[in-house]
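Here the structure comes first, spelled out in C-alpha cells, and everything after it is commentary.
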C-alpha cells in the first residue's frame, strides 16, 4: 500500500468516526459522502 492510499484510508476512517457523533443542539442529521478517490462532501440537514 503506497503512502497516498494509506493516508486516504486514515482520513476516511477519521471522517466516518466524526459522522457517528450527533450535534448537541437541534435536530441535525450529519453524514459524509466519500468517493473512491478520497474527495469528501460533508452533508448536514436541519430538521
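Note on the stretch 1-18: residues that are at pLDDT 85 or above and in a loop (DSSP other than H, G, I, E, B) total 1. I need the full set of residues from the stretch 15-32 which are out of contact with any helix residue (DSSP H, G or I) (no Cβ under 6 Å at 6 or more places or on another chain) and either surrounded by 10 or more Cβ atoms within 10 Å (Cβ to Cβ) or in contact (Cβ under 8 Å) with a residue 24 or more places away in the chain (or both), in order please. 15, 16, 18, 19, 22, 23, 28, 29, 30, 31 - these are the residues of the stretch 15-32 that are out of contact with any helix residue (DSSP H, G or I) (no Cβ under 6 Å at 6 or more places or on another chain) and either surrounded by 10 or more Cβ atoms within 10 Å (Cβ to Cβ) or in contact (Cβ under 8 Å) with a residue 24 or more places away in the chain (or both). Among the residues of the stretch 19-38, those identified as modelled with pLDDT of 60 or more and under 21 Å from residue 5 (Cβ atoms) are 32, 33, 34, 35, 36, 37.
The values are calculated or read from the model by the stated rules, or taken from the named source; none is laboratory data. Just so it is clear, the structure is predicted and the values come from calculations on it, not from any experiment. A quick note on method: Cβ atoms are made from the backbone with ideal geometry, for glycine too, and the neighbour counts reach across all protein chains shown.
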